[in-house]
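Asker: The structure that follows is given in the form of structure tokens.
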Amino acid sequence: MRTSQPHVLIVEDEPAQREVLSYNLEAEGFRTSKAENGEEALMMVAEETPDVIVLDWMLPSVSGIEVCRQLKTRAETKGVPIIMLSARSEEVDKVRGLETGADDYVVKPYSVSELMARVRTQLRRVRPSTVGEVLTFEDIILDAETHRVTRDGQSLKLGPTEFRLLSTFMEKPGRVWSREQLLDRVWGRDIYVDTRTVDVHVGRLRKVLGQHGGQDLLRTVRGSGYALG
Ligand code: CA
């Protein structure tokens, strides 16, 4: 299901490397977007926040370090993991020393499988349901690998949309999601869906979660949206 796929932004000025990365990430089931330089990367992030950024250090005009520094100082993007690519290990030391805030560093030439593993590690932190983790909240357990959901030990039958909704809520308990944010995350921004559709599916999810008499953990936040817990 493409809409719940994690989104990885690749910032790399060498076309061949960009394509290899994109090809392999997509083969893993991720959605990718590609930027050739720092300016383009900053523009793309402003338009749609990716889940993870793979960022080459040596880029024409705006360097990877500068892109990283800028993203890590902005409230909206500072939580997005950045994996920095650099040509030599001395460069990595230098980047670390510059305190750009990058979350991980990979030295070129890197093995693609190693880089994939690093991407998954970052995703486990920010989008655990997309890498098959088991999420728990109160008495709800969601297994993203097997798509099984239980509440208080009882198995629940959820439709695919309700499953993605619950995964989204369970990744960040307490976070208030607006209807638009849920549309982007659960349905994807390419599809036109009315915001009332969100209410319908939240209603269905609520019903399934409460079918064995458990407390209603989904909060409607007036004027804002919904939150779990
Ligand atoms: Ca480069």
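Matching residues to (1) modelled with pLDDT of 90 or more; (2) surrounded by fewer than 20 Cβ atoms within 10 Å (Cβ to Cβ):
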position	(1), (2)
G29	no, yes
A35	yes, no
E39	yes, yes
T49	yes, yes
I53	yes, no
I65	yes, no
R88	no, yes
D104	yes, yes
D139	yes, yes
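Asker: Scan L142, L123, L135, L183 and give me the residue that is closer than 22 Å to G223 by Cα and touching a helix residue (DSSP H, G or I) at 6+ places or on another chain (Cβ under 7 Å).
Answerer: Criteria check complete, one pass: L183.
Asker: Is at least one residue of the stretch 214-222 more than 23 Å from the chain's Cα centre (by Cα), polar (S, T, N, Q), surrounded by fewer than 15 Cβ atoms within 10 Å (Cβ to Cβ) and under 18 Å from V134 (Cβ atoms)?
Answerer: Within the stretch 214-222 (the criterion being more than 23 Å from the chain's Cα centre (by Cα), polar (S, T, N, Q), surrounded by fewer than 15 Cβ atoms within 10 Å (Cβ to Cβ) and under 18 Å from V134 (Cβ atoms)), the answer is no, since none of the residues qualifies.
Asker: Additional query: Determine if the stretch 142-157 includes at least one residue that is in contact with a Gly (Cβ under 8 Å, 6 or more places away or on another chain), in a strand (DSSP E or B) and in contact (Cβ under 8 Å) with a residue 12 or more places away in the chain.
Answerer: Yes, the stretch 142-157 contains at least one residue that is in contact with a Gly (Cβ under 8 Å, 6 or more places away or on another chain), in a strand (DSSP E or B) and in contact (Cβ under 8 Å) with a residue 12 or more places away in the chain.
Asker: Output the residues belonging to the stretch 59-77 that are under 23 Å from P15 (Cα atoms) and in a loop (DSSP other than H, G, I, E, B). Give the steps one after another, and end with the answer.
Answerer: First pass over the stretch 59-77, keeping only residues under 23 Å from P15 (Cα atoms): 59-68.
Selection gives L59, P60, S61, V62, S63.
Asker: Next question, about the same structure. Identify, by number, the condition in (1) under 30 Å from E47 (Cβ atoms); (2) assigned by TED's automatic domain parsing to the domain that holds L71; (3) without any contact (Cβ under 8 Å) to a residue 40 or more places away in the chain that D199 doesn't meet.
Answerer: (2)
Asker: Additional query: Quick one: V80 ticks every box in (1) of a type outside the set (S, T, N, Q); (2) farther than 27 Å from D184 by Cβ; (3) in contact with a Leu (Cβ under 7 Å, 6 or more places away or on another chain); (4) not in a helix (DSSP H, G or I) except a single one, so which number is it?
Answerer: Against the list (1) of a type outside the set (S, T, N, Q); (2) farther than 27 Å from D184 by Cβ; (3) in contact with a Leu (Cβ under 7 Å, 6 or more places away or on another chain); (4) not in a helix (DSSP H, G or I), V80 comes up short only on (2).
Asker: Among the residues of the stretch 28-36, are any farther than 13 Å from V119 by Cα, within 16 Å of the chain's Cα centre (by Cα), away from the ligand (no atom under 12 Å from the Cβ) and assigned to a helix (DSSP H, G or I)?
Answerer: The answer is no; no qualifying residue exists.
Asker: Okay, next question. Taking the stretch 110-137 as the search range and keeping residues that are at pLDDT below 90 and among the polar types (S, T, N, Q), which one is nearest to R175 (Cα to Cα)?
Answerer: S129
Asker: Follow-up question, since we're still on this one. Name the pairs whose Cβ atoms lie under 6 Å apart, with the first residue in the stretch 173-191 and more than 10 Å from Y226 (Cβ to Cβ), the second at pLDDT below 90, and 6 or more positions between them or separate chains?
Answerer: L183/V193; W187/T3; W187/V193; G188/T3
Asker: Select from the stretch 90-99 the residues that are more than 14 Å from the ligand (Cβ to nearest atom), surrounded by 12 or more Cβ atoms within 10 Å (Cβ to Cβ) and closer than 14 Å to E66 by Cα and list them in ascending order. First the steps, then the outcome.
Answerer: First pass over the stretch 90-99, keeping only residues more than 14 Å from the ligand (Cβ to nearest atom): 90, 92-94, 96-99.
Next, only the ones that are surrounded by 12 or more Cβ atoms within 10 Å (Cβ to Cβ) stay: 92-94, 96, 98.
Hits for the stretch 90-99 are K94, R96, L98.
Asker: With the structure loaded, tell me whether S22 is in a loop (DSSP other than H, G, I, E, B), within 16 Å of the ligand (Cβ to nearest atom) and not hydrophobic (A, V, I, L, M, F, W, C) or whether it fails that test.
Answerer: Numbers: in a loop (DSSP other than H, G, I, E, B): no; within 16 Å of the ligand (Cβ to nearest atom): yes; not hydrophobic (A, V, I, L, M, F, W, C): yes.
No.
Asker: Suppose we keep only residues that are in contact with a helix residue (DSSP H, G or I) (Cβ under 9 Å, 6 or more places away or on another chain) and either closer than 21 Å to V107 by Cβ or touching a residue at least 60 places away in the same chain (Cβ under 8 Å) (or both) within the stretch 72-84. Which one would you say is nearest to the ligand (Cβ to nearest atom)?
Answerer: If we take residues in the stretch 72-84 being in contact with a helix residue (DSSP H, G or I) (Cβ under 9 Å, 6 or more places away or on another chain) and either closer than 21 Å to V107 by Cβ or touching a residue at least 60 places away in the same chain (Cβ under 8 Å) (or both), then M84 is nearest to the ligand (Cβ to nearest atom).
Asker: Could you check, for the stretch 47-69, whether at least one of its residues is over 23 Å from R185 (Cα atoms), more than 16 Å from the ligand (Cβ to nearest atom) and among the β-branched types (V, I, T)?
Answerer: no
Asker: Being modelled with pLDDT of 95 or more, in a helix (DSSP H, G or I) and surrounded by fewer than 14 Cβ atoms within 10 Å (Cβ to Cβ): is that true of V208 here?
Answerer: On the way: modelled with pLDDT of 95 or more: yes; in a helix (DSSP H, G or I): yes; surrounded by fewer than 14 Cβ atoms within 10 Å (Cβ to Cβ): no.
Taking the combined requirement at face value, the residue does not satisfy it.
The values are calculated or read from the model by the stated rules, or taken from the named source; none is laboratory data. This one's a predicted model, so the numbers in the text were calculated from it and none came from an experiment. Neighbour counts are summed over all protein chains in view; Cβ atoms, including those assigned to glycine, are modelled from backbone coordinates with ideal geometry.
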